[in-house]
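Report on the following structure.
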Amino acid sequence: MTLLAHELRLLLRSRMAVLTLVLVALLATAAVMAGMAEVARQRDVIARIQPKQAQDIASIAAWVDKEKDAGSAAYYSFHATWDAPAPLAFAALGLRDVAPYILRVRALGLEAQLYDGEAFNPELALPGRFDFSFVLVYLTPLFVIALFHDLVSGEREAGRMRMLDAIAGSGRHLWARRVLLRGGLLFVALAAPLVVGALLSHVPGGTLLAVLGLLVLYLAFWIGMTLLVGRLRWSSVANAATLAGLWLVLTLILPTVAHVAINRAIPVGQGVELTLAQREAVNRAWDIPPGDTMRAFYANHPEWKDSPPLTDAFHYKWYLAFHQVGDESVAAKVAAYRNGIEARDAAAHSIGWLLPSVGVQSVMARLANTDVQAQLAYQDRIRAFHKQLRNFYYGYLFTDKPFGKADFEKAPKFES
């Protein structure tokens, strides 16, 4: 313990080391605060959308109640869906930085609504918003380099190497103490703000331990890299330059190259292409006999086939039917699009086994529930809710049942 205290005093005499540790703590604190502020803003937006939704529905209900028309209720009523942030989302915002976390949907064709707010991201860890994950993945290696690049070479250049070798009890124990001390202080500087943020955000203990374990492993990787380069007996400047080059290659260049390679190996279109295809199918319904549309609809929804036949007058059941037929016409494209996104996501995770920067950011996003899988799960909840909405309005439209103000309260409610 006395030797460790002595090493600590020596370390604190180094202005560069102290400045590095203070800067790490400040950046980690700023990242945690920024992440928590963004998550709080998103929660506030989600909380505010529901009262506004109630106001909109009340206005529509007062108007629809005059004609008792279920079609007007289905057409004009927007229903809010939302994806509430997980407790750890503040540490790794992931796709929540770019993908919609609130979407208001109608009982009309879903695909056009779903992909209007698309955020295309194949989940390779590239630089994004300033959050704890960004500090950990991209900045922490630089601080490791600053603290460890001259661990041995600095002593040799200062002429103290022979003296240290001659002191009894030095050797491996000396360097082990210094590595553990510097690595431990760096861990504390990073982990302390994270733990405080996690406690304030009510992050489950197991999840927090997983993140701290990930932090330890990432620090160990980069400390190991600096020690390996240090064994080459180069100068401190050469060590720093070499390690900086490795940082550039491992955290920026190779992930970018892998990103491009995955995109070319697994071609995936844009969600807006699905929107256009669905809208073309919907618009085509205006140019074909309504009976053709209804036969196509009843083929997949036979439970409504006993509905009274259409007349020459416009009927909303035909309108909603051709929107649903439009969705079903692009179902194969939607499945292919999703399979492509999932394949890219799986490939990116595989790259993470080779590139620690990609792997760490992917794991952080998974733990924070802000990755591609979380976004797809939100879409699945929207689809399930949309199906409930359609069936609810179909129950009125296909039986010509009047729809009054009280019926709005019976509509399905989205649950996150």
Which whole-number percent of Cα pairs in the range 164-274 have a distance greater than 17 Å?
-> 72
GNM flexibility winner over the chain from Ala25, Ala299, Ala336 (Cα, springs under 10 Å) | Ala299
If you count, for each residue, the other Cβ atoms within 10 Å and average over each peptide, how do 240-251, 265-276 line up from highest to lowest?
-> 240-251, 265-276
What is the set of long-range amide H partners of Arg104 at a cut-off below 5 Å, with H atoms built 1.01 Å from backbone N?
-> Thr81
Relative to a virtual label point 7 Å from the Cα of Lys413 in the Cα→beta-carbon direction, which members of the range 31-51 show backbone nitrogen distances below 20 Å?
-> 43-51
Which whole-Hz couplings ³J(HN,Hα) result when phi for each residue of the range 217-228 is put into the Karplus expression 6.51 cos²θ - 1.76 cosθ + 1.60, θ = phi - 60°, listed in order with x for Gly and Pro?
-> 5, 5, 4, 4, 4, 6, 5, x, 4, 5, 5, 5
Protection proxy ranking of 301-314, 278-291, 319-332, 61-74 - average other beta-carbon atoms within 10 Å, highest first = 319-332, 61-74, 278-291, 301-314
Would you please give the FRET efficiency between Gln270 and Ile49, computed as 1/(1 + (r/R0)^6) with r the Cβ-Cβ distance and R0 = 22 Å, to the nearest 0.05?
-> 0.25
What lysines could a cross-link reach from Lys405, if we take a straight Cα to Cα line under 30 Å and drop same-chain neighbours fewer than 8 places away?
-> Lys52, Lys66, Lys68, Lys305, Lys317, Lys387, Lys413
In square nanometres and to one decimal, what's the mean projected area of the convex hull around the Cα atoms of the chain?
-> 24.3
Among 397-406, 104-113, 33-42, the order from most to least packed when residues are scored by Cβ within 10 Å on average = 104-113, 33-42, 397-406
Under the classification rounded if a/c is under 1.5, otherwise prolate if a/b is larger than b/c and oblate if not, where does the range 65-106 fall, given a ≥ b ≥ c as square roots of the Cα gyration tensor eigenvalues?
-> prolate
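Read-outs: derived from the displayed coordinates by stated rules, not from any lab. All values reported here derive from a predicted model rather than from experimental measurement. Reconstructed Cβ throughout: ideal geometry from the backbone, glycine too, with neighbour counts over all protein chains shown.
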